[in-house]
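What follows is calculated from the coordinates using simple rules that are stated; it is not laboratory data. Because the structure is predicted, anything quoted here is derived from the model rather than measured. Cβ sites come from the backbone with ideal geometry, for glycine too, and all protein chains shown count toward neighbours.
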There are 2 protein chains.
Amino acid sequence: MIQENSPALAPQRREHLRQMLREGGVARVEDLRRKLDVSVATIRRDLEILEEDGKVRRVHGGAVSMESRLEEPVFENKTSLAAKEKQRIAEEAYSLIESDEAIYLNGGSTTLFLARLLRERSDLTVVTNSLQAAIELADSGPRVILIGGELRRISQTMVGPLTSAVLAQVHVDKAFMGTMGFCLKNGLTTTDPNEAYSNEIVAEQAGQVILLADSNKAEKVCFARFSDFDKIDLLITDRNLSAEYTKSLPKIGVKVRTV
Amino acid sequence: MIQENSPALAPQRREHLRQMLREGGVARVEDLRRKLDVSVATIRRDLEILEEDGKVRRVHGGAVSMESRLEEPVFENKTSLAAKEKQRIAEEAYSLIESDEAIYLNGGSTTLFLARLLRERSDLTVVTNSLQAAIELADSGPRVILIGGELRRISQTMVGPLTSAVLAQVHVDKAFMGTMGFCLKNGLTTTDPNEAYSNEIVAEQAGQVILLADSNKAEKVCFARFSDFDKIDLLITDRNLSAEYTKSLPKIGVKVRTV
DNA sequence: TGCTTTTCGTTCAAAAGCGATCAAATTCAA
DNA sequence: TTGAATTTGATCGCTTTTGAACGAAAAGCA
């Protein structure tokens, strides 16, 4: 017997369409037609409806989604650079998190990996100044508190004097901090002074400060310093970190875990 | 074994229908008819009843379950038919913005349309509690200041006591506010008290308060009230707004523009 | 620029779905 | 059993949706 594929309901089909658009960002009419197995006229009509709802913007040859998530052109390459290491570091960090804790994530690609691991943890409270992290967690999972302030475009984080107002009013059990560079002599540094200022406040207040940094960050010194190693409780890094660090850091009270 | 179709009792059949809908999320009338072995008229009547009970939403060709799992793609939320109007309202609002101003946008779809128009305006400062608006403007355009606080999932806005800390420290020339409902008697209302609180603070402090609301919002009253009309300088709406409003609002000092 | 190809919007007709109506079947109570 | 009420199924206009056709507009190319 032939199982006649009853065609999808119109709203269902439009929802499907919308989702395909959102995933790919853009799509051509012809491709959509083939996937949904209807005529181009129908696709066009559907796109028209979706456009009226503001979900989609039509362009010659297809349509682009109006709801695709924030692009990350800058991050893209950065994340792929040491993605393996960062993923492992994030997983190790995740294993430290207990039930019902409040944690802080600052901006950066490493902490973003960690954010992605938190999507199912509805018992947590996540405080962050990272727009990306907030987006990752916007739909489900932990309670999210986003630090306000001026949006710094390059890093897509909130920085500036306004942030400290909120930071002063919250307390987190564990702060997971990424950094642009670290070294024994200069401590932890990043490029932007505002960013550094936010980090500094958090490092002072958090119950524990856990530094997430792959070995590429070692020996790097950037413009703005935000903490010394004595504020750091634990460094999670990869196996390529030189022995110089793995030996001397524990002596000044910083535990080190390599993954 | 032959399943003798002992004609199921009506309530039993409807329960069965409801369950099939819930499992599949959607179903078309013809398929349901075949499975239950009754006429389409009966199916339609059943669906009508289920719809009245809010279990199901009917669409052309079938029905969508309203009680499918939370994770299922929640269908096409109440047809935001007003997208056209919202676009026009946003364009009118845009025309009011002068050079180098600081403006506020609260959450909601209407203000999101406005945010999209601001992407090229690098002379402006945009203060907002809307994650969506921030995302729209994250890559280029105006200086963005995102109000911190707890992320309210449904609306994707920042709300709660922490927001007021930042709000107190900024001043905007024009606040463009969306609302869930407005009426002459109860003023402006929205569903969430926290959301209302943020709106209230802004309405107090802003140089001008400009309400963006299509006519569907008229006569709607929600739980949390955040402003009276006397705080509002201008209402931008569409032509369908009843004369009751367009006549009486100017008398109490609220200019009205219909687009 | 002018030409070709693709895509678009519109129109039209076929098909599918809908609500209303009515009659047959069923149920229930007297 | 009878008669009324309810439920069901069938039919008939009417609306919505769909796909094909065709000229207009846009994009690509020489």
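Read phi for every residue in the stretch A:151-168 and hand back ³J(HN,Hα) as whole Hz from Karplus 6.51 cos²θ - 1.76 cosθ + 1.60, θ = phi - 60°, with x for Gly and Pro.
7, 8, 4, 4, 9, 6, 10, 8, 9, x, x, 5, 5, 5, 4, 6, 4, 5
What order do you get for B:Ile103, B:Ile154 when you list them from fewest to most C-beta neighbours inside 10 Å? Don't jump to the answer; show the numbers that get you there.
Details: B:Ile103 26, B:Ile154 9.
Neighbour counts put them in this order, fewest first: B:Ile154, B:Ile103.
Pull up the DSSP beta bridges for chain A and report the antiparallel fraction as a percent, rounded to 5. Could the numbers behind the result be given before it?
On the way: 17 of 41 bridges.
So the antiparallel bridges in chain A amount to around 40 percent.
Largest first and in whole Å, what are the equivalent-ellipsoid semi-axes of the stretch A:73-258 based on the Cα gyration tensor, each being the root of 5 times an eigenvalue? Before the final figure, lay out each step's value.
Numbers: eigenvalues 103, 65, 55 Å².
Calculated on Cα positions only, the semi-axes equal 23, 18, 17 Å.
Along its three principal axes, how long is the stretch B:150-259 when you only count alpha carbons? Whole Å, largest extent first please.
The Cα atoms of the stretch B:150-259 stretch 40, 27, 23 Å along the principal axes, largest first.
Taking the label point as lying 7 angstrom from Cα along the Cα-to-Cβ axis, what are the distances from B:Gln19 to the corresponding position in the remaining copies, in ascending order and in nanometres?
Sorted ascending, the copy-to-copy spacings read 2.5 nm.
Going by alpha carbons, how many degrees (0 to 90, nearest 10) lie between the helix axis of A:193-205 and the longest principal axis of chain A?
On a 0 to 90 degree scale, this one is about 70.
With θ taken as phi - 60° and the coefficients 6.51, -1.76 and 1.60, list the Karplus ³J(HN,Hα) couplings across the stretch A:230-242 in order, rounded to whole Hz; mark glycine and proline as x.
Using θ = phi - 60°, the values come out as 5, 7, 8, 8, 8, 10, 9, 8, 9, 6, 7, 5, 5 Hz.
Could you work out the local net charge near B:Asp100, counting Lys and Arg as +1, Asp and Glu as -1, over the other residues with Cβ closer than 14 Å to its Cβ? Don't skip to the answer; put the middle values down first.
Working: positive: B:Arg121, B:Arg143, B:Lys174; negative: B:Glu98, B:Glu101, B:Asp123, B:Asp173.
With Lys, Arg at +1 and Asp, Glu at -1, the net is -1.
What is the average number of partner chain Cβ atoms found within 10 Å of a Cβ in B:158-164? The partial results should precede the final answer.
On the way: counts 7, 0, 1, 1, 10, 3, 1.
Average neighbour count from other chains, rounded to a whole number: 3.
Give me the lysines in straight-line cross-link reach of A:Lys217: C-alpha distance below 30 Å, same-chain residues under 8 apart excluded.
The qualifying lysines are A:Lys78, A:Lys84, A:Lys86, A:Lys174, A:Lys185, A:Lys231, A:Lys247, A:Lys251, A:Lys255.
When the gyration tensor of the stretch B:10-65 is built from Cα positions, what are the square roots of 5 times its three eigenvalues, in whole Å, from largest to smallest? Write out the running numbers ahead of the final one.
Values: eigenvalues 37, 29, 24 Å².
Equivalent ellipsoid semi-axes, largest first: 14, 12, 11 Å.
If you line up the long axis of helix B:40-52 against the longest principal axis of chain B, both from Cα atoms, how many degrees apart are they, to the nearest 10?
The helix B:40-52 is inclined about 40 degrees to chain B.
Roughly how crowded by other chains is peptide A:42-52, in terms of the mean Cβ count from those chains within 10 Å of each of its Cβ atoms? Provide the component values of the computation, followed by the final result.
Numbers: counts 0, 0, 0, 0, 0, 0, 0, 4, 2, 2, 7.
That average works out to 1.
I'm checking a number: the convex hull volume of the Cα atoms of the protein assembly as shown, normalised per residue, in Å³. What is it? Let's see the in-between values first.
Working: hull volume 98.7 nm³, N = 518.
It comes to 190 Å³ per residue, whole-number rounded.
Leaving out same-chain residues fewer than 8 places away, which aspartates and glutamates sit with a Cα under 15 Å from that of A:Lys220?
Correct list for A:Lys220: A:Asp192, A:Asp228, A:Glu244.
What residues have an amide H closer than 5 Å to that of B:Glu101, excluding those fewer than 5 places away on the same chain, when H is modeled at 1.01 Å from N in the peptide plane?
Those qualifying (amide H under 5 Å, at least 5 residues apart or on another chain) are B:Thr125.
Considering only the label points, 7 Å along Cα→Cβ from Cα, what distances in nm to one decimal separate B:Ser248 from the same position in each other copy, shortest first?
Copy-to-copy label distances at B:Ser248, shortest first: 7.7 nm.
Within 10 Å of each Cβ in B:139-151, how many Cβ atoms from other chains are there, averaged over the peptide? All intermediate terms of the calculation are to be shown ahead of the outcome.
Values: counts 7, 1, 1, 1, 3, 7, 7, 12, 6, 15, 6, 6, 11.
Neighbouring Cβ atoms belonging to other protein chains average 6 per residue here.
Fewest first, what order do A:Leu188, B:Leu112, A:Leu117 take by the number of other Cβ atoms within 10 Å?
A:Leu117, B:Leu112, A:Leu188
Angle between the Cα long axis of helix A:83-96 and the longest principal axis of chain A, 0 to 90 degrees, nearest 10?
Helix A:83-96 sits roughly 70 degrees off the main axis of chain A.
Along the stretch A:10-26, what does the Karplus equation 6.51 cos²θ - 1.76 cosθ + 1.60 (θ = phi - 60°) give for ³J(HN,Hα), rounded to whole Hz, x for Gly and Pro?
So the Karplus estimates, Gly and Pro as x, are 4, x, 4, 4, 5, 5, 4, 4, 4, 5, 4, 4, 5, 5, x, x, 9 Hz.
Place the label 7 angstrom along Cα→C-beta at B:Glu30 and in each other copy, then list the distances from the first to the rest in nm, shortest first.
3.0
Just report the Cα centroid separation between the stretch A:192-259 and the stretch A:17-41, whole Å.
47
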